[in-house]
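What follows is a single structure, written as structure tokens, with notes after it.
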Amino acid sequence: MKTWILIFGIIYGGILTWLAWRSRQRNNSADDFILGGAKLGLLVGLLTTAATLFSTFTMQGMPDFFRNHGIGAWIFLMASNGFMFFTIVWFSYYLRKKVAIKGFQGMGGLLRNCYQTPLAGIAYFVGVFFFLIPYVAIQIRGIGFFLQETFPDALPYWAWGLIILVIMLLYSETGGLKAIIFADVLQGTLLLFVIWVIAFSCIDKVGGVNEMFAQVEQSNPSLLSTPGPKGLFSPLFLIATLISISFIPITQPQISTRLVIMKSIKETHRMAVGMGIFAFLVVIPTICIGLYGAIQYPDLSTQEFLGKALLFDQAGFIAAAAIIGLLAAAISTSDSQIFALGSELRSLIKGEEDKVLLYTRLFVIGFAFITYAFSLVGGDQLVLLALTGFAGTALLGPMVLAGILSKQAPGKEVPIMTLIGTGIFLLILFKLFPISSGNWRQDWLVLLGLVSVGTIASLLIRKQQQVE
């Protein structure tokens, strides 16, 4: 396996170096560096968006999620993803229409222009800053523990995470968004190949698909129905996750930026359909790997299970490909989100182009180390950590939609309500808010409902005032 890792690692490192250098050569301005400098076609747009969404969260988090909670996760994933792809089709039309009028350097800057106040951009930036931290951190945490499990005598987890962070920063700071998009294409291709090869291997080891389900039914039948052995898949859980995931294209800057830089609205809609196919192809094998783990390793920790299922139970070249695939997934997703947040900062500050770009780059480095610090203390439930991040950014949804869909500038009260809702949700998560049900999903739904109703009321009152 070590020989294959060396071979694949040299090839992957060489490709990344070439892509970073090529992208740097083609970046002729700050806009080229931040926004990629070109319109994306269908295939590249599909793979870069898919790689940003389906990453370490998929390759590590989902198998372990199926192992612990059962195939009810399929409903949560595919129903939520189906609504999210519809959101891409619907929202991209209005977003691109607004961008054609207002221009685009980032969603925060666009909202500032829509609301005609910097407060809207600040509210958006604050929300994505706090709630992208856990999603980026799980990429670093997941691959760091995986490498520690693979090479237990080499380096501790924190050192692996630091190495990944440095590689990611060097790559993104050298080539900008263009280089990240190229890396996404490579990562999306690797992810599909590796995860299907491992899934077929797991199926073969237990004697086929029918035998796999038979063994799961014999050992732990609650894995084959909802709400699952731990009672996770309640109606509240499914509703909360469906709403939060559906809001991803609206509220998360790494996705909205890609919707804007697609070649045309027609290509964007085709990309959304392709994302549905990609999601199906990438989730199915994680079910097989998860059920394999439920049969063979039901009591192992997350790291131990992933180490055995993805590495030690596989042939050497497959295990090596899994390591490189996971490394690519972690780097691709993390730098996309960190870079997107830097772009949001750039859209909010004014000044000379060179100074603004310098501040942006310094912020990207600072935010990367914040997420690294969080990865050292975060939990091992990668999927649930990701869902917390999705839920937090979803609170920005009413404000974003009001700004994009309204013909007139909405009032300052909308970003103020959004900031209050974001602050309360953070207090709830840290168990510091005095009024709480004890279930953060229930509290989050109430908060989202209040912010939504308040935003709608604000729009209606202002419209009525204009009529009068």
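The values are calculated or read from the model by the stated rules, or taken from the named source; none is laboratory data. Worth saying up front: this structure is predicted, and the values here are computed from it rather than measured. All Cβ positions, glycine included, derive from the backbone under ideal geometry; neighbour counts span all protein chains shown. Only protein heavy atoms, including side chains, enter the accessible area calculation; ligands, DNA and RNA are left aside. Shrake-Rupley method; radii C 1.70, N 1.55, O 1.52, S 1.80 Å.
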Worksheet item: Roughly how many Å² of LEU460 are accessible to a 1.4 Å probe, to the nearest 10?
Response: 110
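Quote the FRET efficiency, to the nearest 0.05, computed for LYS463 versus TYR94 with a Förster distance R0 of 22 Å and r equal to the Cβ-Cβ distance. Don't skip to the end; give the middle numbers.
Values: r = 18 Å, r/R0 = 0.81.
For R0 = 22 Å, the calculated efficiency reads 0.80.
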Fill in: Farthest toward positive dipole pole in the chain [+1 Lys/Arg, -1 Asp/Glu at C-beta], among ALA309, PRO253, ILE195
PRO253
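Determine the dipole magnitude for the chain: charges of +1 sit on the beta-carbon of Lys and Arg, -1 on that of Asp and Glu, nothing else is charged, the reference point is the Cα centre, and the result goes in debye to the nearest 20.
Values: 30 positive and 23 negative charges, 315 e Å.
For the chain, the charge dipole is close to 1520 debye.
Just to check, using Stokes-Einstein with a Kirkwood Rh over alpha carbon pairs, what's the diffusion coefficient of the range 27-86 at 25 °C and 0.890 mPa s in µm²/s? Write out the running numbers ahead of the final one.
Values: Rh = 14.1 Å.
Rounded, D is 174 µm²/s.
Taking the inverse of the average 1/r across all pairs of different Cα atoms in the range 241-301, what Kirkwood radius in Å do you get? Show your work: numbers first, answer last.
On the way: mean 1/r = 0.0702 Å⁻¹.
Kirkwood radius, the range 241-301: 14.2 Å.
Mind jotting down a quarter of the surface of the convex hull over the alpha carbons of the range 55-106, in square nanometres, one decimal?
Details: hull surface 19.3 nm².
Computing the convex hull of the Cα atoms and averaging its projections yields 4.8 nm².
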Worksheet item: MET262's amide H: which non-local residues (gap 5+, or another chain) put their own amide H closer than 5 Å, with H modeled 1.01 Å from N in plane and none for Pro or chain starts?
Response: LEU40
Fill in: HN-Hα J in Hz across the range 156-161 - Karplus 6.51, -1.76, 1.60, θ = phi - 60°, x for Gly and Pro
x, 4, 4, 6, 4, x
Discussion item. Contact order normalised by length for the chain, with contacts defined as Cα pairs under 8 Å and 6 or more residues apart; what percent is it?
Written reply: 33
Worksheet item: Where only protein heavy atoms count, and the probe is 1.4 Å, what is the accessible area per residue for the range 32-101 in Å²?
Response: 31
Practice prompt. If a/c stays under 1.5 just call it rounded; otherwise compare a/b with b/c (prolate if a/b is bigger, oblate if not). Do that for the range 101-205, with a ≥ b ≥ c from the square roots of the Cα gyration tensor eigenvalues.
Written response: prolate
Worksheet item: For the range 132-281, what is the charge dipole size about the Cα centre, in debye to the nearest 20, if Lys and Arg each add +1 at the Cβ and Asp and Glu each add -1 at the Cβ?
Response: 540
Discussion item. With an 8 Å Cα cut-off and a minimum separation of 6 or more residues, compute the relative contact order for the range 289-415 in percent.
Written reply: 13
Worksheet entry | Average projection area in nm² (convex hull over Cα atoms of the chain, one quarter of hull surface) | 21.7
Worksheet item: Between the range 51-93 and the range 112-156, how many Å separate their Cα centres?
Response: 18
Fill in: Most positive-pole-ward Cα, MET262, ALA50, GLY351, against dipole of the chain from beta carbon charges
GLY351
Discussion item. Two decimals, Cα atoms only, Kirkwood Rh: what is Rg/Rh over the range 154-272?
Written reply: 1.07
